[in-house]
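First the structure, in the form of structure tokens, and then the observations on it.
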Amino acid sequence: MGPFTSKHAVQIVSRQTLSREPEAVTRDQIPALLEGLGPSLRTLLGKASAEKLADQIRLELGL
Amino acid sequence: MTADDFDSTINVRARKQRPLIRLLLLIPFVSGAIVACGILMPDATAGLFYRGALVIAALLTAVSALVTSSAFEKGQKLFAAWSALGIGYALAAIRHSMRLWTLLLGGGITNRAVLDTLLVLQNVLVALALWWFVRAWQTSGLAAPMSRRTQLTWIFLGIAVAIVVGGYPLIQGFHTAGTDAVLLVSTAGDMIGIALIVPLITPALAMRGGLLMHTWLALATSEVFWLLYDVWVGTKGMTGLAPSSATVVEQILRIIAVMFAFVATVAHRRSRL
């Protein structure tokens, strides 16, 4: 999605879902953050690709 | 490790895809260059050549769009958008094939009502597709909020350009609605596409640096070339160019417009994991 939209997306979801700023999101909260990003990712990428992306992020973060 | 040290495999993949996508962007211009060869042919042969090129371009775009749509579930806006684009260009391929058949072999389906119906459906579907692309972005939850004033400014600007470009043929269509109802629908479809250029560029700008940017950018560029095509068709008589030269410009613009739609379909698949 590019750096601008990615930052914006994380900001929106962290504020709405976790009620905190992106910098304050803890490692344990990342799955919830990814869950919150799900609908947007599914809209733009389709379900399979959005799930792969979320899985890849979890893998890379060791979650 | 900070975020700046972390280079995910996703970023690595994105970097690898960028040169491929940049190559994709050359395809429409290469297609235009191929079509330009028609200027070297006798008129009758050039007519067949242009028609054949259009059939191939429309068919490629249709198939690619439908393949891209398969990644989405029914009910999703991008499923509808890619499907509508695919079916629209499939109808264009069928229509141009019918004309090509008639030119090559004579006979075939020459019924005006059939050809006009295909044209009308094509225009409606492509316009709908573009609308759904815009709505998909707007409802994704990612569109940065814009002030109402800015939104309205862009909307009116888009409509103004569409009216300037499409107004004259649309008025002509109204006056001769009996014989030019198809011109009316075709022009209206073009005007919708033109009015959506800015709403298509907005997500591309928002996603700059990302792979998805290229999809919306290619769709917007396709509409820009349809805009140039409409302007050319409306003004070519005033250029003083020989008919064959004017025709080749028209055909180049048209094929580039279609092939940018094709590029959008491929770019979207390349941006997915």
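Comparing B:F49, B:F79, B:F133 in a Gaussian network model of chain B, where Cα atoms under 10 Å apart are tied by springs, the biggest mean-square fluctuation is seen for B:F49.
Residues B:D43, A:D55, ranked from the fewest to the most other C-beta atoms within 10 Å, line up as B:D43, A:D55. Legend: mean number of C-beta atoms from other chains within 10 angstrom of residue C-beta atoms, peptide A:35-41, equals 2. Where only DSSP H runs of four or more residues are counted, the protein assembly as shown gives -27000 deg cm²/dmol as its mean residue ellipticity at 222 nm, each run worth -39500 (n - 2.57).
The packing ranking, built from the mean of other Cβ atoms within 10 Å per residue, places the peptides B:194-204, B:111-121, B:232-242, B:218-228 in the order B:218-228, B:194-204, B:111-121, B:232-242, highest first. Take the convex hull of the alpha carbons in the protein assembly as shown; its mean projected area over all directions comes to 19.2 nm². Helices that extend 18 Å or more along their long axis by alpha-carbon positions and average at least -1.0 on the Kyte-Doolittle scale are, among the DSSP H runs of chain B, B:9-24, B:43-69, B:77-105, B:112-138, B:148-175, B:177-195, B:213-235, B:243-270.
When you count the other C-beta atoms within 10 angstrom of each residue and take the mean per peptide, B:156-163, B:10-17 line up highest first as B:156-163, B:10-17.
Could you work out, residue by residue across B:201-213, how many beta carbons of other chains sit within 10 Å of that residue's beta carbon, and then give the average as an integer?
Averaged over the peptide's residues, the number is 4.
For the range A:19-63, backbone nitrogen atoms closer than 17 Å to the point 7 Å from B:E73 Cα along Cα-to-C-beta are found at A:35-55.
Any idea what % of Cα-Cα pairs in chain B are farther than 32 Å?
26
Using R₀ = 41 Å, calculate the FRET efficiency as 1/(1 + (r/R₀)^6) where r is the Cβ-Cβ separation of B:T102 and B:L20; round to 0.05. The calculated FRET efficiency here is 0.55.
Approximating the spin labels as points 7 Å out from Cα along Cα→Cβ, the A:K52-to-B:L241 distance works out to 4.3 nm. Across q = 0.16 Å⁻¹, chain A modelled as identical point scatterers on its alpha-carbon atoms has Debye log10 I(q)/I(0) values of -0.49, in the order of the q list.
Bear in mind these aren't lab numbers, they're just calculated from the coordinates by the rules spelled out. Computed from a predicted model, the values in this text were never measured in an experiment. Don't worry about glycine lacking a Cβ; one is built from the backbone with ideal geometry, like all the others, and counts go over all protein chains shown.
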